[in-house]
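What follows is calculated from the coordinates using simple rules that are stated; it is not laboratory data. Treat the numbers as computed from the prediction; the structure is a model and nothing was measured. Cβ atoms come from the backbone with ideal geometry, glycine included; neighbour counts cover every protein chain shown.
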2 protein chains.
Amino acid sequence: MKKMTKKKPDKQALLTDLAQHVLKHGLNNASLRPMAKAAGTSDRMLIYYFGGKDALIAELLEHLASQMAVGLDRALPIERVETEDALVMKVLALMRSKDFYPYTRVWLEIVAGAAQGMSAHRLAGNRIVLIFLEWLALRHPDGERGAPRTLTLIEGCLVMDAVGHSSVADLTYQTTQSVSR
Amino acid sequence: MKKMTKKKPDKQALLTDLAQHVLKHGLNNASLRPMAKAAGTSDRMLIYYFGGKDALIAELLEHLASQMAVGLDRALPIERVETEDALVMKVLALMRSKDFYPYTRVWLEIVAGAAQGMSAHRLAGNRIVLIFLEWLALRHPDGERGAPRTLTLIEGCLVMDAVGHSSVADLTYQTTQSVSR
DNA sequence: CCAATCCTGTAGCGGTTGCTACATAATAGT
DNA sequence: ACTATTATGTAGCAACCGCTACAGGATTGG
């Protein structure tokens with residue numbers, strides 16, 4: 001009974017194609033048949049591999065989180081930035097960049113889904129924040145002590161960007177002058 | 001030819017019921033037939049009144065924005081709060097409250113939709129931010145100069161909340177001590 | 001009162017959704 | 001070589017989607 005020989009045919013490759021499709025077309029309207037076509041298979045096979053759409057989405061989100069992690073690591077070297085403002089500026093430039101923005105977009109979908117109580121989204125979103133925090137801590141002038149606040153600020157900026165208020169977002173770090181706290 | 005007598009039968013009342021349904025069940029999965037049932041009509045009539053689903057959603061988002069505005073005004077009196085941190089704390093408590101959270105939830109859906117390029121969502125989201133900024137400026141210790149940064153911070157906190165990282169959100173204002181900027 | 005317009009219910013259309021039944025081909029293990 | 005397991009295509013199902021055609025009822029202007 002040696003049945004554990006070939007369990008995963010190429011699931012990883014499949015996931016990469018699926019992620020590609022979702023990054024381009026969004027997570028909400030991702031239905032089996034279009035995704036299957038994008039991955040070069042049939043809906044029939046997707047369900048065969050993953051067991052159902054929910055499971056597929058869960059694995060896909062997990063994959064996206066990892067992919068996002070390596071993208072982050074590759075984008076900015078591990079070295080401390082002088083000030084929080086400079087760090088926010090750099091990170092925002094990355095998140096808005098043509099290459100990375102698809103991830104930002106699907107990230108916001110994950111957040112919305114999590115808020116609606118979808119557990120897979122909540123799980124993946126939670127992990128992504130952890131990844132991000134760790135990543136930030138290595139570059140933040142205050143290390144892991146400063147990362148949470150900075151991340152929160154960045155997320156707020158992404159929200160502003162999404163609804164066409166990038167200028168509001170920029171106001172939060174360009175003006176370093178005194179703010180009564 | 002006096003045809004302009006009864007143009008809007010009760011559209012406003014309809015919108016209120018529709019909004020109620022969306023606040024409870026989410027914006028993404030809002031399809032005509034369930035919404036119609038929630039509003040006491042038929043999908044047939046919804047399309048007759050609004051012209052189509054897209055137009056309905058657009059009007060609905062507009063309605064939600066207004067409803068949100070009055071909700072905000074009613075929740076906190078117009079008086080300046082001592083510090084930014086205290087203000088953030090108060091606003092967050094509101095956004096997380098049982099009564100208001102449905103709005104927060106659909107707000108995140110609007111943001112995600114806007115990021116996906118849905119114009120109605122972008123429009124409504126943009127307006128909501130303006131409403132929020134104005135509302136904040138009247139309560140912020142620094143007035144309209146401090147509102148943008150505070151709003152961005154709050155939005156970031158909402159994102160953290162959504163994915164189960166409220167503690168990260170709270171770290172951003174509970175610790176008022178020095179942060180190198 | 002008649003006719004024109006407005007309102008609304010019924011039924012259905014063409015499309016998509018996730019998923020399954022069935023048959024078959026390929027690939028093993030012995 | 002035979003058999004058991006795995007892999008994959010074809011066809012289709014029941015449910016839902018937004019929307020429309022049609023008909024009849026209600027209302028209103030003349």
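Residues checked against (1) surrounded by fewer than 14 Cβ atoms within 10 Å (Cβ to Cβ); (2) within 14 Å of another protein chain (Cβ to nearest Cβ); (3) within 15 Å of DNA strand D (Cβ to nearest atom); (4) of a type in the set (D, E, K, R):
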{"position": "B:Q12", "(1), (2), (3), (4)": "yes, no, no, no"}
{"position": "B:Q20", "(1), (2), (3), (4)": "no, no, no, no"}
{"position": "B:H25", "(1), (2), (3), (4)": "no, yes, yes, no"}
{"position": "B:A38", "(1), (2), (3), (4)": "no, no, yes, no"}
{"position": "B:T41", "(1), (2), (3), (4)": "no, no, yes, no"}
{"position": "B:F50", "(1), (2), (3), (4)": "no, no, yes, no"}
{"position": "B:A75", "(1), (2), (3), (4)": "no, no, no, no"}
{"position": "B:R80", "(1), (2), (3), (4)": "yes, yes, no, yes"}
{"position": "B:P102", "(1), (2), (3), (4)": "no, yes, no, no"}
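Of the residues A:A115, A:A124, the single one that is of a type in the set (A, V, I, L, M, F, W, C), within 10 Å of another protein chain (Cβ to nearest Cβ) and under 20 Å from B:L151 (Cα atoms) is A:A115. Looking at the range A:29-62, which of its residues are within 8 Å of DNA strand C (Cβ to nearest atom), assigned to a helix (DSSP H, G or I) and not hydrophobic (A, V, I, L, M, F, W, C)? A:R33, A:P34, A:D43, A:R44, A:Y48, A:K53, A:D54, listed by residue number. In this structure, A:L171 does satisfy being without any contact (Cβ under 8 Å) to a residue 24 or more places away in the chain, assigned to a helix (DSSP H, G or I) and facing another protein chain (nearest Cβ under 7 Å). Against the conditions (1) part of a helix (DSSP H, G or I); (2) out of contact with any Asp or Glu (no Cβ under 8 Å at 6 or more places or on another chain); (3) free of Cβ contacts under 8 Å to residues at least 60 places away in the same chain, A:G164 satisfies every one except (1). Could you list all residues from the range A:133-148 that are surrounded by fewer than 22 Cβ atoms within 10 Å (Cβ to Cβ) and within 10 Å of another protein chain (Cβ to nearest Cβ)? Within the range A:133-148, A:L133, A:P141, A:D142, A:R145, A:G146 meet the criteria.
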